[in-house]
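Taking it in order: structure first as structure tokens, then the write-up.
The values are calculated or read from the model by the stated rules, or taken from the named source; none is laboratory data. Quantities reported herein were computed from a predicted structural model and do not represent experimental measurements. Virtual Cβ from ideal backbone geometry, glycine too; neighbours counted across all protein chains shown. When the accessible area is computed, the model is the full protein with side chains, heavy atoms only, and any ligands, DNA or RNA have been set aside. Shrake-Rupley method; radii C 1.70, N 1.55, O 1.52, S 1.80 Å.
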Amino acid sequence: MTTKKKQNLIKVHAVHTTDTGSAPVQVALLTARIKEITEHLKVHKKDLSSRMGLVKMVSARRRMLNYIKKNDPSSYEPLITKLDIRK
């Protein structure tokens, strides 16, 4: 992921101006990385180390989404629709 793309994601999902690590930002960054690795695995089907990393990232994103759903339910639905995450 390029720095500009990462900064743009942070800017779009930030809760306040100096926000770089809130839960919505982390979910957005994980989603972008998951999409990139998924595309990589479509070409390189036998890359098992990347597949393990993908599984760990999906689990981390799921935990972050559960945290958001528990602590800030009003922002959960808009976040998953904005990021186009199923569920």
Does the stretch 26-68 hold any residues that are open to solvent by less than 50 Å² (accessible area, probe 1.4 Å), of a type in the set (Ser, Thr, Tyr) and touching a residue at least 24 places away in the same chain (Cβ under 8 Å), and which are they?
THR31
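Which residues, taken from the stretch 3-47, are among the hydroxyl-bearing types (Ser, Thr, Tyr) and at pLDDT 90 or above? If you could, list the steps in order and put the result at the bottom.
Pass one, the stretch 3-47, residues among the hydroxyl-bearing types (Ser, Thr, Tyr): 3, 17-18, 20, 22, 31, 38.
The answer is THR3, SER22, THR31, THR38.
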